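Worksheet: one structure, shown below.
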Amino acid sequence: MAAPRAPLHLVTPVWNRGTRGTRGLSRAVAPEGSQKKGRSLLQFLADRFYDVQALREYLLRKQVLKVHQKNRPFTYIRERFGPHAAGAYFILKQGGAVKFQGKEWIRSDARGHFSLDFLKFQAVPVEAVDASGCAINYQGLDSVCEWAETAGLFICPSVVGSRKDHSASPPPPTVALKELQSLWLQRCPHVDDWCLGRLHPLANSLQELSLAGCPRISERGLASLHHLQNLRRLDISDLPAVSNPGLTRILVEEMLPSCQVLGADWAQGLPSGPEEQSRDTASPLPA
Amino acid sequence: MLRRALQPGLSRGVLGRGLGTHRGRSTLDQNGKVSEIKKKIQSVLPRGAWNPLRDTSYLPPEHSDVVIVGGGVIGLSVAYWLKRLEKPQGAIRVLVVERDHTYSQASTALSVGGIRQQFSVPENIQLSLFSVEFLRNINEYLAVVDDPPLDIQFNPSGYLLLASEKGAAVMESNVKVQRQEGAKVCLMSPEQLRNKFPWINTEGVALASYGMEHEGWFDPWCLLQGLRRKVQSMGVLFCHGEVTRFVSSSSHTETTSGEEVTLRRIHEVHAQEEMYLSRCPVCGPGPPSPPPLVPAGEDGPQPGVPACGMCPRDQCGRGLVWPDRRAGWCREGAPWHPAGHPAPCGAEEKGPGLETPFVIDASGAYFRREGLGNNYLGGCSPTEEEEPDPGNLEVDHDFFQDKVWPPLAQRVPAFETLKVRSAWAGYYDYNTFDQNGVVGPHPLVVNMYFATGFSGHGLQQAPAVGRAVAEMVLDGHFRTINLSPFLFNRFYLGEKVQEHNII
């Protein structure tokens, strides 16, 4: 027997989904700026018509798939020409630049074309990679620093020291770009904290790393850079997602003692000195 | 014996129907249906109780295909994957029953938020690996159009497990298993530890295992809210209430050896006076008599009530999902003033730096860095003998003084001058049998599934467990990760799947 307040149906009802009330949580942030009118019309339509909602979800998914497509691995080239060539091809395809050991920089031109001569350099390692502004993400970094190794106990590459032999000495890992010395990832929109955790196989060789201007990197990802003990230059300037740039820089300097850290000025974010405080109390905005 | 009767072969055949057939309420008598319709017609007539103009859209539906008891991270994950894997889209109505929408005592909200692959059971490692992949791509899985992207604040700092001489061999074999499954873990000797983390005191440490990638900690509240937002946009319905009882029907069958077996089917789930029908509840168990029931996932079960009211004690051996296990955590920070001593001036010793992983000492105490300001989060789970009363979530500060602080201060000398800033306690959904989760169908209740008992690592396995349960509900078997070792059968078959690396 239904409760007295329940609706009366002789036939099982179809529960209407998606009324405004139940979706209150999903409207957390109002859209800002000049797109407000257009955006709210789309929202209005998406709330009322399943077709519009499905279309918008499809467009969102397509955007994501585009990035995935750009970061697909080139397994054929890797098998045929070796890991260095595959990594170089990947970077060039994204629009970056590559420098082989003893050779000049290879860049793709404005239309995305580049010469395929480097496929002839079979065993020449890649020395420097400039992927600034590229849409490289976590999956794409596989082509750069993949850890593929056989089963067996393994020593941390960043640790120097002897080790008690619990078993036979393990085979070293095969890393895609083993002898990479410089990696520039400036202003890459999809490089985030997870990607920084991915860089540890390059610990033996990497000496220069630049992360300036990446919008998704925060101090949490920077904490995972301590594996890179051979790092000599690290650029962490202009990282908008880092909450406390000055303090972060100090902590990173302590974490990597032999590395020169270019980044925020350590005084940035500190309260102003006494001579400026009288001026501050007059103005409404803090310094 | 009943044991043989409930071997996996029989169970799977009976339960493997999934949601394919719509049986409705054919087992109830036809007279009941007719009298129901009569009552409804009577209420329409002038003196009846029906009021058509009253808005009841806030009530949960009367009928639902799946009812999920418990709206924590596991329950929401199951709801998400059910909606994601259903064919065709929109075919299944899912209802999540949650008794506390503020999640004030929910394990998810009170969790430390760590995720690791350093387990001893391969299935746990696989679950954790998939969950890491889910968290990494969380904005693809849980994207809602027009809503801001989620930031779960993942710290990829890794876990560092320390072992004494006794546990070194076990740790080595565990690491072998972990690496075979694809976890990026390496072993370190005490000298290597000292080189890498100079703040650590390696006395008593024979071996350490360090996770290089895919391990760390994140913000569980953000994951919970993200899941909630997404499942609401997918059309999952929520009910605010506590499940009090089930109404089920039973049918008797005979096994191949002639044993009588009673199979039950749940038809109604009652929560706080509001009634709705279900075909397939997903949750903790349903006893025939009404003691309070056990919510699924991380929300601790009712204290004092064994999780499964169906099986009598002698059949299952020891208790199954035990009520609660308490984990106490405290924040530590700057100078500590021992009673009777003045605070040393300016003696702010620096603690471990930015590279500090989630350190788990051999004694069971653990700590991790929290933020940038020399703050740490640490704690310890009490042993089974020291377990306090589960109904009481008050923090026991003596526990910190006696059990948490001494091992941590011995391991990290800088922690001798630390000060407690705040503390809280939370629940573990602790499985006393083998400290591993219970996932899969109930052997005697035809349309009930478990996803509970994760003993402190439910949060980190939630996305993968949700997918496994959804596959079991929709297809009748596990598709991606095979969790057959975690089925309920192992309790009465006596097969322990012991997880050694429990904090």
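Carbon-plus-sulfur fraction of the accessible area of segment A:221-266, 1.4 Å probe, in percent?
Roughly 50 percent of what the probe reaches on segment A:221-266 is carbon or sulfur.
Highest mean first, how do B:247-258, B:434-445 rank when packing is the count of other Cβ atoms within 10 Å averaged over residues?
B:434-445, B:247-258
Do any of A:LYS103/A:LYS178; A:LYS178/B:LYS184; B:LYS87/B:LYS230; A:LYS93/A:LYS120; A:LYS99/B:LYS196 go past 21 Å between their Cα atoms, and which?
Violating the 21 Å limit, Cα to Cα: A:LYS99/B:LYS196.
Rank B:ILE200, B:ILE502 by accessible area, highest first, at a 1.4 Å probe radius?
These residues rank, largest area first, as B:ILE502, B:ILE200.
If one takes the accessible area of chain B alone plus chain A alone and subtracts that of the pair, with a 1.4 Å probe, what total in Å², rounded to the nearest 100, results?
5900
Label points 7 Å out from Cα along the Cβ direction at B:LEU53 and A:LEU59: separation in nm?
In this crude spin-label approximation the distance works out to 4.3 nm.
Testing the spin-label approximation: label points 7 Å from Cα along Cα→Cβ at A:ARG72 and B:GLN410. State their distance in nm.
5.7
Using a 1.4 Å probe, how large is the accessible area of A:LEU55, given in Å² and rounded to the nearest 10?
Approximately 100 Å² of A:LEU55 is accessible to the 1.4 Å probe.
Within 10 Å of each Cβ in B:140-146, how many Cβ atoms from other chains are there, averaged over the peptide?
6
Report the calculated FRET efficiency for B:GLN30 and B:THR253 (r = Cβ-Cβ distance, R0 = 25 Å), to the nearest 0.05. Don't jump to the answer; show the numbers that get you there.
Working: r = 23 Å, r/R0 = 0.92.
The pair B:GLN30/B:THR253 has a calculated efficiency of 0.65.
How many angstrom lie between the Cα centre of segment A:63-77 and the Cα centre of segment A:201-238?
24
The values are calculated or read from the model by the stated rules, or taken from the named source; none is laboratory data. It should be emphasised that the depicted structure is a prediction, and the values quoted were computed from it without experimental measurement. Using ideal geometry, Cβ is built from the backbone for each residue, glycine included, and neighbour counts are taken over all protein chains shown. What goes into the accessible areas is simple: the full protein's heavy atoms, side chains included, and nothing from ligands, DNA or RNA. Shrake-Rupley method; radii C 1.70, N 1.55, O 1.52, S 1.80 Å.
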